[in-house]
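> Below is the structure I would like to discuss, written out as structure tokens.
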Amino acid sequence: MYRIGDKIEDIKTNAFHQGDLKEIKMSDYEGKWRVLFFYPADFTFVCPTELGEMADYYDKFVEEGAEIFSVSTDSEFVHMAWHEASPTIAKIRFPMLADPSGKISRDFGVYLEDDGVALRGTFVIDPQGVLKAVEIHDLDIGRSAKEALRKLQAAKFSAAHGQVCPASWEPGDEGMVPGKDLVGKI
């Protein structure tokens with residue numbers, strides 16, 4: 001199971017992307033920030049609200065130099081059928097990765113063995129393939145695309161400036177230079 005600071009090995013899987021069935025490799029996106037967005041299953045209830053919101057924020061992620069990848073244990077064919085059936089899912093322009101064996105979900109620690117689905121997990125990976133942020137929710141708690149974007153922006157700021165981001169940091173806010181001068185002063 002991957003942990004913060006681990007280098008993510010190349011992921012190769014089938015996907016539905018831009019109206020086509022294709023093989024996707026993470027190594028093809030090296031040099032870009034990546035956001036893996038695990039969810040339980042296609043044709044469900046909370047999942048389309050999350051994926052729809054990620055689709056609405058997609059251009060903002062791209063502006064930040066990132067690619068989003070949604071991941072569920074459904075096949076690429078089910079992703080395609082859902083994309084064709086749902087107006088919400090039809091908005092998606094990012095790759096929808098297929099994980100029918102659950103291997104990718106297991107590698108990221110979100111697979112529920114008894115149910116055969118993934119928990120709601122969001123993983124921010126830097127351009128060198130290092131895991132920088134993790135958020136995992138139970139099946140009944142939806143996530144915020146806005147917060148996923150903020151975490152990506154904070155990770156980028158920290159990497160670019162060598163500073164840390166305080167609670168609720170937003171782009172344009174100041175970071176902090178960690179050191180003994182701050183100890184006990186905040």
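The values are calculated or read from the model by the stated rules, or taken from the named source; none is laboratory data. Note that the structure is a prediction, hence the values are computed from the model and not measured. Virtual Cβ from ideal backbone geometry, glycine too; neighbours counted across all protein chains shown. Surface areas here come from the heavy atoms of the whole protein model, side chains and all, with no ligands, DNA or RNA. Shrake-Rupley method; radii C 1.70, N 1.55, O 1.52, S 1.80 Å.
> Nearest 10 degrees is fine. How inclined is helix 145-161 to the longest principal axis of the chain, computing both from alpha carbons?
Helix 145-161 and the main axis of the chain meet at about 40 degrees.
> Along the three principal axes, how long is the chain when you take its alpha carbons, biggest first, rounded to the nearest angstrom?
For the chain, the Cα spread along each principal axis is 56, 33, 31 Å.
> Enter the Cα centre distance for the pair segment 133-186 and segment 1-42, rounded to the nearest angstrom.
Their Cα centres are 23 Å away from one another.
> Kindly express, to the nearest 10 degrees and within the range 0 to 90, the angle between helix 76-85's C-alpha long axis and the longest C-alpha principal axis of the chain.
It is inclined by approximately 90 degrees.
> Separate question: Please get the size of the charge dipole for the chain, origin at its Cα centre, with Cβ charges of +1 on Lys and Arg and -1 on Asp and Glu, quoted in debye to the nearest 20.
Here the size comes out at about 560 debye.
> Hey, what did the chain get for relative contact order, percent, Cα under 8 Å, at least 6 apart?
Reported relative contact order: 25 percent.
> With a cut-off of at most 13 other beta carbons within 10 Å, and DSSP calling the residue loop, which trypsin sites (Lys or Arg not before Pro) in segment 147-186 qualify? Please list them.
Within segment 147-186, the qualifying trypsin sites (Lys or Arg not before Pro) (loop, at most 13 other Cβ atoms within 10 Å) are 185.
> Take the Cα gyration tensor of segment 1-104, multiply each eigenvalue by 5, square-root it, and list the three semi-axes largest first, rounded to whole angstrom. Could you put the intermediate results ahead of the total?
On the way: eigenvalues 85, 53, 34 Å².
Here the semi-axes work out to 21, 16, 13 Å.
> Take segment 74-163, drop everything but the C-alpha atoms, weight them equally and run the Debye formula without solvent; then report log10 I(q)/I(0) at 0.17, 0.18, 0.20, 0.23 Å⁻¹ to two decimals.
-0.93, -1.02, -1.17, -1.31
> Thinking of segment 34-74 as a set of Cα atoms, what percent of all their pairs are more than 13 Å apart? Walk me through the numbers on the way to the answer.
Working: 426 of 820 pairs.
Pairs farther apart than 13 Å: 52 percent.
> Right, another one. Can you pull the percent of the chain's accessible area that's carbon plus sulfur, 1.4 Å probe, other chains left in place?
50
> Right, another one. Counting only heavy atoms of the protein chains, get the accessible area per residue of the chain (1.4 Å probe) and round it to a whole Å² value. Write out the running numbers ahead of the final one.
Values: 9420 Å² over 186 residues.
On a per-residue basis, the chain sits at 51 Å².
> What order do you get for 168-179, 16-27, 66-77, 38-49 when each peptide is scored by the mean count of other beta carbon atoms within 10 Å, highest first?
Packing order, densest peptide first, comes out as 66-77, 38-49, 16-27, 168-179.
> Tell me the mean residue ellipticity at 222 nm calculated for the chain from its helices only (DSSP H runs of n ≥ 4, each -39500 (n - 2.57), averaged over every residue, nearest 500).
-8500 deg cm²/dmol
> Of the beta bridges DSSP finds with both residues in the chain, what % are antiparallel, to the nearest 5?
70
> Continuing with this model, one more query. Once you place label points 7 Å from the Cα toward the Cβ at residue 174 and residue 32, how far apart are they in nm?
Distance between the two pseudo-spin positions: 3.6 nm.
> Between residue 46 and residue 85, what is the FRET efficiency for a Förster distance of 22 Å, r being their Cβ-Cβ separation, to the nearest 0.05?
Efficiency for this residue pair is about 0.80.
> Find the all-direction average of the projected area of the Cα convex hull for segment 129-186, expressing the result in square nanometres with one decimal place.
In nm², the orientation-averaged hull projection of segment 129-186 is 5.6.
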